[in-house]
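The structure appears right after this line, and notes come after that.
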Amino acid sequence: MARLIDALTKLPGVGKRSAQRIAFHLLKAPPEECATLAKAISDFRKDLRVCSECGNLTEADPCPICADPRRETHTLLVVEQPNDVATLEATGQYHGRYHVLMGRLAPLEGIGPGELNIHTLVERVKGNKIKEVILGTNPTLEGDGTSLYLAKTLEPLGVRVTRLARGLPTGTSLEVVSKAVLAEAIAGRGKLSDGTH
Ligand SMILES: [Zn+2]
């Protein structure tokens, strides 16, 4: 019991009291529930990996999008997290490839460029025939800051840098925006200077 509580309190947002509640719940639950949870946790780490090209979470490396020869290779859409890829894919309006940062720049939380998949993005732009990088970070203060940083880093490499956020309500996240608005944002993407600032 102490070992389980100890392990649970290492999870984000789980304090000692919540850990005890979960442990007691599992003690009273049918044994299958414990087994299912334990298996889900161990399978999750066994099956999921990071795509070596785009940084997205995937069961196969490269991920299905990077491995798809029908996707345009000269356009990269940069997003904060794996969910954003799923959201944008649902619009059916984008046929290029993605790059997943795994977060956004947040200096106050100590999240700098080194904590994100920015180095791999720069390498991709340098190494491949990328013509356009579309910045699809969330239209929040931190998302905009991340985009500005990326534009400053990527533009000197001779690539066209555009911003997805035009038409997106400020302070929101891609996940909650409707498909139609998102599709418009993809079609109407602009340069940073005539878009969001
Ligand atoms: Zn990939």
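The values are calculated or read from the model by the stated rules, or taken from the named source; none is laboratory data. Please read all numbers here as calculations on a predicted model, not as lab measurements. Note that each Cβ is placed from the backbone with ideal geometry, even for glycine, and that neighbours are counted across all protein chains shown.
Numbers at a glance
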{"quantity": "Residue identified as under 25 Å from L174 (Cα atoms) and either within 16 Å of the ligand (Cβ to nearest atom) or of a type in the set (F, W, Y) (or both) among P12, P64", "calculated": "P64"}
{"quantity": "Cross-chain or 6+ apart pairs with Cβ under 7 Å, region 167-193 first and assigned to a loop (DSSP other than H, G, I, E, B), then of a type in the set (A, V, I, L, M) and at pLDDT below 70", "calculated": "V177/L168"}
{"quantity": "Of all residues in region 49-60 being surrounded by 13 or more Cβ atoms within 10 Å (Cβ to Cβ) and in a loop (DSSP other than H, G, I, E, B), the one that is farthest from the ligand (Cβ to nearest atom)", "calculated": "G55"}
{"quantity": "Search result, residues across region 71-88 that are more than 14 Å from G143 (Cα to Cα) and in a loop (DSSP other than H, G, I, E, B)", "calculated": "R71, E72, T73, H74"}
{"quantity": "Identity of the residue in region 1-26, without any contact (Cβ under 8 Å) to a residue 12 or more places away in the chain and aliphatic (A, V, I, L, M), that ends up farthest from D61 (Cα to Cα)", "calculated": "A2"}
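Rundown of residues vs (1) modelled with pLDDT under 95; (2) over 17 Å from E53 (Cβ atoms); (3) in a loop (DSSP other than H, G, I, E, B); (4) within 16 Å of the ligand (Cβ to nearest atom), yes/no style:
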{"site": "A90", "(1), (2), (3), (4)": "yes, yes, no, no"}
{"site": "Y94", "(1), (2), (3), (4)": "yes, no, yes, yes"}
{"site": "H99", "(1), (2), (3), (4)": "no, no, no, yes"}
{"site": "G114", "(1), (2), (3), (4)": "yes, yes, no, no"}
{"site": "L121", "(1), (2), (3), (4)": "no, no, no, yes"}
{"site": "K126", "(1), (2), (3), (4)": "yes, no, no, no"}
{"site": "I130", "(1), (2), (3), (4)": "yes, no, yes, yes"}
{"site": "V133", "(1), (2), (3), (4)": "no, no, no, yes"}
{"site": "T137", "(1), (2), (3), (4)": "yes, yes, yes, no"}
